[in-house]
1. Tally time: how many residues in the range 49-73 are part of a helix (DSSP H, G or I) and either closer than 20 Å to Thr301 by Cα or of a type in the set (A, V, I, L, M) (or both)?
2. For the range 36-46, how many residues are surrounded by 12 or more Cβ atoms within 10 Å (Cβ to Cβ) and without any contact (Cβ under 8 Å) to a residue 12 or more places away in the chain?
3. On the basis of being among the hydrophobic types (A, V, I, L, M, F, W, C), touching a strand residue (DSSP E or B) at 6+ places or on another chain (Cβ under 6 Å) and at pLDDT 95 or above, does Ile106 make the cut?
4. Check the range 195-205 and report whether any residue there is farther than 19 Å from Thr121 by Cβ and surrounded by fewer than 18 Cβ atoms within 10 Å (Cβ to Cβ).
5. Out of the residues in the range 217-236 that are assigned to a loop (DSSP other than H, G, I, E, B) and modelled with pLDDT of 95 or more, state the one that is nearest to the chain's Cα centre (by Cα).
6. Read through the list (1) within 19 Å of Glu168 (Cβ to Cβ); (2) at pLDDT 95 or above; (3) part of a helix (DSSP H, G or I); (4) not charged (D, E, K, R), then give the number of the only condition that Phe23 fails.
7. I'd like to verify a number: residues in the range 263-299 that are within 15 Å of the chain's Cα centre (by Cα) and surrounded by fewer than 24 Cβ atoms within 10 Å (Cβ to Cβ), how many?
8. Answer yes or no: is there a residue in the range 78-85 that is hydrophobic (A, V, I, L, M, F, W, C), modelled with pLDDT under 95 and part of a helix (DSSP H, G or I).
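The values are calculated or read from the model by the stated rules, or taken from the named source; none is laboratory data. What you see is a predicted model, and the numbers here were worked out from it, not measured in a lab. Positions of Cβ are generated from backbone atoms using ideal geometry, with glycine treated the same way; all protein chains shown enter the neighbour counts.
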Amino acid sequence: MAVDIVKLEINQKQRISLRARIFANVENLFQFAQPYASLVNFILRWFGKIIALFLGTHSKRSFPILQRQTFSSWYKISDKKTISNGKSNQIVFFHDTFMEYTEAHIGQAAIKVLDTAGFETIILYGKCDSGRPALSNGFLDDAVKLAHHNIELLSPYAKRGIPIVGCEPSVMAMLVNEYRDLVPGESAQSVAMAALMLDELIVREVERGNIYLRFDNKPRQVLFHGQCHQKAIFGTKNTHKMLRLIPNLTVKEINASCCGMAGSFGYEKEHYDQSIQLAEMSLAPTIRSADPTTIICAMGTTCRDQIKHTTSRIAVHPIEILADALVSTI
């Protein structure tokens, strides 16, 4: 969040770079490129270093891989059958930009859990990016416009008491925290009160006895890294509780600060070395020393990217672990 403030001040005083514009408008870029996903991925794979040099990103960083099918497209055509338990279990699922274009598998895991738990999931196809990239790169006016658009879509559900849930902490923190400052008023306040992370929803409803999930009994060891917005706004307690719903699973949280990415900060060539130094303070060495069978887990998109970059280990989202262990509901 400190990085957001610094970039906002810098970009208000100086000429805004092409790199900052691209990072701030990543949703528009993904939306334009997605129909040509195979070609774009090919170009990035073979000419990524040249593109990085042109943009001012570090040549060692990899660009996100676009998926041929977006999350929302998958949701429209998938055969989902929500299990009714006779209760009002509607929720709005606020899928983030990277889930939509590059990490649909995380959204699919979330929908599997929500469907099995008996929730009636509402997907808002008219939603736009949360505004986090715009705000982080100093585009305050754009962030306000995006926030206003999403608040208009979300507030009618929030005012009816329908929870708004998501998987990406930096995005959900916008709804809970920044939206109230960007677009002050009753509507933003109602959205903030209704918004929560998916792990909190699952834990809350299990503890209230509203849902009962049944899992396999496979042994699992999980090494978990908490994302900065998650630790600052939501905490990691509910992630631990959600994972411990799975029998025979042990979870340990890595004692580390920021992974070093801070949104687009770690991609920028002038900040790359500092980004790596932050990862090497604790996060990367701890993961490298972990047993190969240990599941590496991180809530944040860029955290997972940094883990792969510095350790060659693939980190999964906590909801993927829950979905993988899920057997059925009774």
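1. Within the range 49-73, the subset part of a helix (DSSP H, G or I) is 49-55, 71-73.
Remaining after also requiring either closer than 20 Å to Thr301 by Cα or of a type in the set (A, V, I, L, M) (or both): 50-53, 55, 71-72.
Qualifying residue count for the region: 7.
2. Going through the range 36-46, the residues surrounded by 12 or more Cβ atoms within 10 Å (Cβ to Cβ) turn out to be 36-37, 40-41, 43-44.
Okay, now just the ones that are also without any contact (Cβ under 8 Å) to a residue 12 or more places away in the chain, so 36, 43.
Counting residues in the range 36-46 that are surrounded by 12 or more Cβ atoms within 10 Å (Cβ to Cβ) and without any contact (Cβ under 8 Å) to a residue 12 or more places away in the chain gives 2.
3. On the way: among the hydrophobic types (A, V, I, L, M, F, W, C): yes; touching a strand residue (DSSP E or B) at 6+ places or on another chain (Cβ under 6 Å): no; at pLDDT 95 or above: yes.
It is false that Ile106 is among the hydrophobic types (A, V, I, L, M, F, W, C), touching a strand residue (DSSP E or B) at 6+ places or on another chain (Cβ under 6 Å) and at pLDDT 95 or above.
4. As a first pass, look at the range 195-205 and keep what is farther than 19 Å from Thr121 by Cβ: none.
Among the residues of the range 195-205, not one is farther than 19 Å from Thr121 by Cβ and surrounded by fewer than 18 Cβ atoms within 10 Å (Cβ to Cβ), which makes the answer no.
5. Initially, the range 217-236 is screened for residues assigned to a loop (DSSP other than H, G, I, E, B), giving 217-219, 226-227, 235-236.
Among the residues that remain, those that are also modelled with pLDDT of 95 or more are: 218-219, 226-227, 235-236.
Values: Lys218: 27, Pro219: 26, Gly226: 12, Gln227: 10, Gly235: 15, Thr236: 14 Å.
My answer is Gln227.
6. (2)
7. Filtering the range 263-299 down to residues within 15 Å of the chain's Cα centre (by Cα) leaves 263-264, 297-299.
Now narrow it down to the ones that are surrounded by fewer than 24 Cβ atoms within 10 Å (Cβ to Cβ): 263-264.
Within the range 263-299, residues that are within 15 Å of the chain's Cα centre (by Cα) and surrounded by fewer than 24 Cβ atoms within 10 Å (Cβ to Cβ) number 2.
8. Filtering the range 78-85 down to residues hydrophobic (A, V, I, L, M, F, W, C) leaves 83.
Now restrict to residues that are modelled with pLDDT under 95: 83.
Going one step further and asking which of them are part of a helix (DSSP H, G or I), we end up with none.
The answer is no; no qualifying residue exists.
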